[in-house]
1. So for 222, 134, 54, 157, fewest C-beta neighbours within 10 Å to most, what's the order?
2. Run down the lysines and flag those whose C-alpha is under 16 Å from the C-alpha of residue 24, throwing out any fewer than 8 positions away in its chain.
3. Once both labels are modelled 7 Å past Cα along the beta-carbon direction, what's the residue 37-residue 189 spacing in nm?
4. Helix 5-14: angle to the longest alpha-carbon principal axis of the chain, degrees 0 to 90, nearest 10?
5. Under the rule a/c < 1.5 gives rounded, and otherwise a/b versus b/c splits prolate from oblate, where does the range 91-166 land using the Cα gyration tensor?
6. Once the Cα atoms of helix 275-288 and of the chain are each reduced to a long axis, what angle between those two axes, in degrees from 0 to 90 to the nearest 10, is obtained?
7. Order the peptides 41-51, 89-99 from the highest to the lowest mean number of other Cβ atoms within 10 Å of their residues.
8. Can you classify the range 103-217 as rounded, prolate or oblate using the Cα gyration tensor, where a ≥ b ≥ c are the square roots of its eigenvalues, rounded means a/c under 1.5, and otherwise it's prolate if a/b beats b/c and oblate if not?
Amino acid sequence: MSLTQAQIDHYREKGFVIVEGALKDEDFHAVEHDYDVLINQKAQQLLDEGHIQSTHADKPFSHRLAAIANELSDEVYNDFKRITSTLDIMKARVKPMFEFFFNPHLLSAVESIVGPEITLSPIQHIRPYLPSRSDKQPMQVPWHQDQGVTKEEADISEILTVWIPLVDVDPNTGCLQVLPGVVPMGLLDHEPEGGTRIKPDLMPNIKAHECIMKRGDLLFISAYTPHRGQANQTDKVRWSMDLRFQKTGTPTGRPFWPEFVVQSKEDPSSVQDDFDQWCTRWVTDLKSAKGTRLHRV
Ligand SMILES: O=C(O)CCC(=O)C(=O)O
Ligand SMILES: [Fe+2]
């Protein structure tokens, strides 16, 4: 599904656009199935250790991890962040996730901005925002521009962030907020406090837009558009993926991690669609880059 000219214009003018209904329910099923297997293992472990009374196998994917977390003491809930971090894309390395990168509906939308030669940046996440507790949101991402979480080498690149909710999201669920029209201001200074964030006194005085979205919608964000996640105040998990795409050959800003060609119309044989190679490269690079500062500040 290509973007309409109006959607492309909106992205260029405002620095973001929501592409409604780009994906279907089924596009997520295989990823969710494999993640449910991982969540089942973690639930089993927590059950064996006496932290929970049930593995909540009857719950739908959207609610299962939340139901598990809900049973935990504050101490284990806080530690649970460590469990959820092992679910991230490059650590879990499930095959349907790798296959998702090549989803034709996703790539044709991406092509409308990036062009036909598409590389997947190694800056990629799947994030389970658990229901917040005592007004604290584990893993909450503060106001930032994605360009600020790359190394300087990426300043010549045009990187497109695609934020993909697996559940319907609104302000109560912790949907993203973006600041429209900031792209011409370029990169604002960031600081490492509270996760990498824009220095609070540099925050543009612009009303935030709430990115209310349905499962199947895509949010395209420019690398210079300030955005943040909000607290999830529901009883479901605010599951989302965020992937970044750019023109093949341009620096990703994470030179020590693997990038992959996911589409090429010039040279289709250059597409890197070997799952085993993807796994091996992540294992190798995560090991050799361990301890490297990922962000520029
Ligand atoms: O999911 C979030 O809350 C933050 C996502 C984000 O910063 C991104 O996709 O670049
Ligand atoms: Fe971001």
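Values quoted throughout were computed directly from the atomic coordinates according to the rules given, and no laboratory measurement underlies them. Predicted model, so just to flag it, every value in this text is computed and none were measured. All Cβ positions, even for glycine, are placed from backbone atoms using ideal geometry, and neighbour counts span all protein chains on display.
1. On the way: 222 23, 134 6, 54 12, 157 20.
Least to most surrounded, the residues fall as 134, 54, 157, 222.
2. 214
3. Distance between the two pseudo-spin positions: 4.9 nm.
4. 80 degrees
5. Numbers: a/c = 2.17, a/b = 1.35, b/c = 1.61.
It comes out oblate by the Cα gyration axes.
6. The angle comes out at about 90 degrees.
7. 89-99, 41-51
8. Here the range 103-217 falls in the oblate category.
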